[in-house]
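The values are calculated or read from the model by the stated rules, or taken from the named source; none is laboratory data. What you are looking at is a predicted structure, and each value in this text was computed from that prediction instead of being measured. Don't worry about glycine lacking a Cβ; one is built from the backbone with ideal geometry, like all the others, and counts go over all protein chains shown. Keep in mind that these areas ignore ligands, DNA and RNA; they rest on the heavy atoms of the full protein, side chains included. Shrake-Rupley method; radii C 1.70, N 1.55, O 1.52, S 1.80 Å.
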Amino acid sequence: MGSVGEIYEAQCTQGPATMLAIGTTNPSNCVYQCDFPDFYFRSTKSEHMTGLKEKFKRICDRSTIIKRHLYMTKEMIVENPNFYNSMAPTLDARHDIMVVEVPKLAKEVALKAINEWGQPKSKITHCW
């Protein structure tokens, strides 16, 4: 068996890495910016705060955001009512969701990039 250096050299291509494709993706839940204040205040059970909601609507209207892709769904909020309780600790619950969902997005985007590239995965020589 060869040295670590010899093994490394055998597994690597010579020359610079080149980016041949880029994949992009977003979470599937989409809320348009014009609907976001209603979604947020309904989700947080804060619709009674009409002055704050109007201010939030103005901020959303003046932003250049068209739509928001969110992991958070109505079902998740029902299952985790503390998500919108500012006094409740929710980092662990949110992290548990992300640990499951982010690798799914990573796989999706990697497959899109490989498909755009049009070569078999076995020809990949560098990963970023």
Inset, instruction - Can you figure out the FRET efficiency of residue 119 with residue 28, using R₀ = 35 Å and their beta-carbon distance, to the nearest 0.05? - result: 0.80
Legend entry - Top of 65, 97, 114 by mean-square fluctuation, Gaussian network on the chain, Cα under 10 Å: 65
Inset, instruction - Obtain the nm distance between the two label points defined at residue 42 and residue 85 by a simple spin-label model: each point lies 7 Å from its Cα along the Cα-to-C-beta direction. - result: 2.3 nm
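Once the other residues with Cβ under 14 Å from the Cβ of residue 32 are scored (Lys, Arg +1; Asp, Glu -1), what is the net sum? Don't jump to the answer; show the numbers that get you there.
Values: positive: 57, 67, 68; negative: 35, 38, 61.
That works out to 0.
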Inset, instruction - Just need the Rg to Rh number for region 58-128, please, alpha carbons only, Kirkwood Rh. - result: 1.14
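Note down the net charge around residue 65, summing +1 for each Lys or Arg and -1 for each Asp or Glu among other residues with Cβ under 14 Å from its Cβ.
Taking every Cβ under 14 Å from that of residue 65, the sum is +3.
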Legend entry - For q = 0.09, 0.17 Å⁻¹, Debye-computed log10 I/I(0) when each Cα of the chain counts as one equal scatterer: -0.48, -1.01
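Just to verify a number: FRET efficiency for residue 49 and residue 70, C-beta to C-beta distance, R0 = 30 Å, to 0.05?
0.90
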Inset, instruction - Enter the accessible area per residue of the chain (Å², integer; probe 1.4 Å; all protein chains in place). - result: 78 Å²
Legend entry - Between 0 and 90°, nearest 10: helix 50-62 axis offset from the chain longest Cα axis: 40 degrees
